[in-house]
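Undergrad: For reference, the structure I am asking about is given below.
All of the numbers you see were taken from the coordinates with simple rules; none came from a lab. Worth saying up front: this structure is predicted, and the values here are computed from it rather than measured. Cβ sites come from the backbone with ideal geometry, for glycine too, and all protein chains shown count toward neighbours.
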Amino acid sequence: MDRIPILKLGEALLVTIQVDMHDRLAMALEEDLTARIVDHSAKGVLIDISALEIVDSFIGRTLANIAMIAKVLDADTVVVGMRPAVAITLVELGLSLPGVRTALNAERGMAMIKSRIDDAAMIATDEDEGGP
Amino acid sequence: MARQPASRLSALLSDSTQHILADWLAALKAAPDTRLSATELETQCESILTRLARACSDGNSGDIEAAAFVPLREMLDDISRTRATHGFSPTETATFLLSLKAPVFARLRAVLASDPEHLSAEMQSAGDLIDALGLFMMECYQRAREEVIIRQQTEISELSTPVVKLWQGILALPLIGTLDSARTQVVMENLLDSIVRYEADIAIIDITGVPTVDTLVAQHLLKTVAAARLMGADCIISGIRPQIAQTMVHLGVELNVISKANLSDAFALALRRLGKVVVNQRRPTPAEPV
């Protein structure tokens, strides 16, 4: 069965969805990603959906689920590159993905994740030095 | 039975065209109109009469949907459209054709004076025919007006949804007019496309020009905000007028979005979010304007 590749970039995981998502693939992605977050103790997940032309309610919900799971495992999820048509469809479906952070493109999404990792690192160092 | 009066009318129309035309024009000119020249009116009346006579000569004067009436219908359609665009009122347009009744009836009366039974049947059918044509004219008039309205609507919706770039990464969307579902769609598409094109981080939706905000409009605004957020851009709503703010609270409308009273406040917030600062220029001299 097809799998969507998950790349590790430092403390972040990068998922680029290049094929049309079907339900089984989405569920597989959710499982794989959960396992990888735990394996690498990743702090951020970047999901690039710029190649996705159709997003139905199931995929939308899966994205929201992934974001929630990642949050439980202390990782930030950023969905990037959503097309205007997809955004309109999701809103019309009533799925505004409230728990998911979004960015215009992969570059900005990576910057968001990086700033969060840096913040976390800074707090960690502060704590090591006996508080701010 | 129906055939005989029809042929009578057609005979009458072709025999005494000039007579009827003269009477008709006299009736029309009793109420002169500056929007239409006398010669234009005469040409219109004359060609209506000739086409009517030709249509009736086929013997089916009752049914204006028949093929014989096509030239006449086209002519009337044309006249109605011109009148609709020139600002004639519906009454004026209808009266134009209905005033043909009097001269036709007068002629019928003159020709069939000795045969009252025939005369009434004849007048009935002639009246029905002219009424039907009058109604057809009104339909065309109405259609022309509706076309104008539809065209204006599309023009307005295109004109009133511009997306302007205020700064690197900051867009403004000044909304003017009521937001309905169709317009929301256009606004949303425009905004999202512009967010991609300008790589915007923040979009300011200014609703100074929106006359009323009810629950439906608020829902449409929220949809737009949600869609922009999915694209990774934050939205600020600005330009909520005092009365609108009151109405919204009384209606229980909640926007749950950052909102500012005016565009400048929203712009200032957007600049701050992007880490930009607006400062006074150094060496402020009194003579210098800025």
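Undergrad: For chain B, what are Rg and Dmax over the alpha carbons, in angstrom?
TA: Values for chain B (Cα only, Rg and Dmax): 32.0, 107 Å.
Undergrad: Then there is this: What size of dipole, in debye to the nearest 20, comes out for chain B about its Cα centre when the only charges are +1 on Lys and Arg C-beta atoms and -1 on Asp and Glu C-beta atoms?
TA: 1320
Undergrad: Something else about it: For segment A:14-69, what size does the Cα cloud have along each of its three principal axes, sorted from largest down, in whole Å?
TA: Dimensions of segment A:14-69 along the principal axes of its Cα atoms: 31, 18, 16 Å.
Undergrad: Then there is this: Using square roots of five times the C-alpha gyration tensor eigenvalues, list the equivalent-ellipsoid semi-axes of the protein assembly as shown in whole Å, biggest first.
TA: Working: eigenvalues 1079, 159, 51 Å².
Whole-Å semi-axes of the equivalent ellipsoid: 73, 28, 16.
Undergrad: Using 0.36 nm per residue, how much length does the chain from B:Thr154 to B:Glu254 gain when fully extended, once their Cα-Cα distance is taken away?
TA: Numbers: separation 100, 0.36 × 100 = 36.00 nm, distance 3.00 nm.
This chain segment gains 33.0 nm when fully extended.
Undergrad: Hey, another quick one. Express the C-alpha Rg of segment B:126-244 as a ratio against the empirical globular expectation 2.2 N^0.38 Å, rounded to two decimals. Don't jump to the answer; show the numbers that get you there.
TA: Values: Rg = 20.3 Å, N = 119, 2.2 N^0.38 = 13.5 Å.
After normalising by residue count via 2.2 N^0.38 Å, the value is 1.50.
Undergrad: Please report the antiparallel percentage of DSSP beta bridges with both residues in the protein assembly as shown, rounded to the nearest 5.
TA: Numbers: 7 of 33 bridges.
The antiparallel fraction comes to roughly 20 percent.
Undergrad: Among the listed pairs A:Lys8/B:Lys223; A:Lys71/B:Lys223; A:Lys8/A:Lys71; A:Lys43/B:Lys260; A:Lys71/B:Lys276; B:Lys29/B:Lys101, give every one whose C-alpha distance is greater than 23 Å.
TA: Numbers: A:Lys8/B:Lys223 35 Å; A:Lys71/B:Lys223 25 Å; A:Lys8/A:Lys71 18 Å; A:Lys43/B:Lys260 35 Å; A:Lys71/B:Lys276 31 Å; B:Lys29/B:Lys101 15 Å.
From the list (A:Lys8/B:Lys223; A:Lys71/B:Lys223; A:Lys8/A:Lys71; A:Lys43/B:Lys260; A:Lys71/B:Lys276; B:Lys29/B:Lys101), the Cα-Cα distance tops 23 Å for A:Lys8/B:Lys223; A:Lys71/B:Lys223; A:Lys43/B:Lys260; A:Lys71/B:Lys276.
Undergrad: What does the average come to when, for each residue of peptide A:62-73, you count the partner chain Cβ atoms lying within 10 Å of its Cβ?
TA: Values: counts 0, 0, 0, 0, 0, 0, 0, 0, 0, 0, 0, 0.
Across A:62-73, the average partner-chain Cβ count within 10 Å equals 0.
Undergrad: Using a Förster distance of 60 angstrom, determine the FRET efficiency expected from the C-beta separation of B:Ala102 and A:Asp32, and round it to 0.05.
TA: Details: r = 88 Å, r/R0 = 1.46.
The formula returns an efficiency of 0.10 here.
Undergrad: While we're on this one: Considering every pair of different Cα atoms, what Kirkwood radius, in Å, is found for segment B:3-156?
TA: Working: mean 1/r = 0.0617 Å⁻¹.
One decimal place: 16.2 Å for the Kirkwood radius.
Undergrad: Still on this model: Tell me the label-point distance for the pair B:Asp15, B:Thr43, using the 7 Å Cα-to-Cβ offset, in nm and rounded to one decimal.
TA: 3.2
Undergrad: Nearest 5 percent is fine: what portion of the DSSP beta bridges confined to chain B is antiparallel? Working shown, then result.
TA: Details: 3 of 16 bridges.
So the antiparallel bridges amount to about 20 percent of the total.
Undergrad: Using only alpha-carbon positions, what ratio does the radius of gyration of segment A:77-132 give when scaled by 2.2 N^0.38 Å?
TA: 1.60
Undergrad: Tell me the label-point distance for the pair B:Thr34, B:Glu65, using the 7 Å Cα-to-Cβ offset, in nm and rounded to one decimal.
TA: The modelled label-to-label distance comes out at 4.3 nm.
Undergrad: Tell me the label-point distance for the pair A:Val19, B:Gln142, using the 7 Å Cα-to-Cβ offset, in nm and rounded to one decimal.
TA: Placing both labels 7 Å along Cα→Cβ, they lie 5.8 nm apart.
Undergrad: For segment A:6-128, give me the percentage of DSSP beta bridges that are antiparallel, rounded to the nearest 5 percent. List each step's numbers first, then the result.
TA: Values: 4 of 17 bridges.
Around 25 percent antiparallel, to the nearest 5.
Undergrad: Over all distinct Cα pairs, what is the inverse of the mean 1/r for segment A:6-128, reported as the Kirkwood hydrodynamic radius in Å?
TA: Values: mean 1/r = 0.0682 Å⁻¹.
It is 14.7 Å.
Undergrad: I've got another one for you. Which whole-number value in Å³ per residue fits the convex hull of the alpha carbons of segment B:151-212? Intermediate values should be presented prior to the final figure.
TA: Details: hull volume 4.7 nm³, N = 62.
It comes to 76 Å³ per residue, whole-number rounded.
Undergrad: Continuing with this model, one more query. Kindly write out, for segment B:194-204 in residue order, the coupling ³J(HN,Hα) from the Karplus curve 6.51 cos²θ - 1.76 cosθ + 1.60 (θ = phi - 60°), rounded to whole Hz, with x marking Gly and Pro.
TA: Values per residue, Gly and Pro as x: 5, 4, 5, 5, 9, 6, 7, 9, 10, 10, 9 Hz.
Undergrad: R0 = 25 Å: FRET efficiency of B:Thr208 with B:Leu274, Cβ-based, nearest 0.05? Spell out each step's value before the answer.
TA: Details: r = 23 Å, r/R0 = 0.92.
That pair, B:Thr208 with B:Leu274, gives E of 0.60.
Undergrad: Sticking with this structure for a sec: Given R₀ = 30 Å, what would the calculated FRET efficiency be for A:Leu93 paired with A:Asp2, taking r from the Cβ atoms and rounding to 0.05? Can you show the working numbers first?
TA: Numbers: r = 25 Å, r/R0 = 0.84.
About 0.75, to the nearest 0.05.
Undergrad: What do you get for the angle between helix B:242-251 and the principal long axis of chain B? Use alpha-carbon atoms, 0 to 90 degrees, nearest ten.
TA: The angle comes out near 80 degrees.
Undergrad: Hey, another quick one. Under 5 Å between amide H atoms, partner at least 5 residues away or on a different chain: which partners does B:Ser238 have, H built in plane at 1.01 Å?
TA: Those qualifying (amide H under 5 Å, at least 5 residues apart or on another chain) are B:Ile205, B:Asp206, B:Ile207, B:Lys260.
Undergrad: So how far, in whole Å, is the C-alpha centre of segment B:64-136 from the one of segment B:225-248?
TA: 57
Undergrad: While we're here: Roughly how big is segment B:164-273's charge dipole about its Cα centre, with Cβ charges of +1 (Lys, Arg) and -1 (Asp, Glu), in debye to the nearest 20? Please list the in-between numbers first.
TA: Numbers: 9 positive and 10 negative charges, 34 e Å.
Approximately 160 debye in magnitude.
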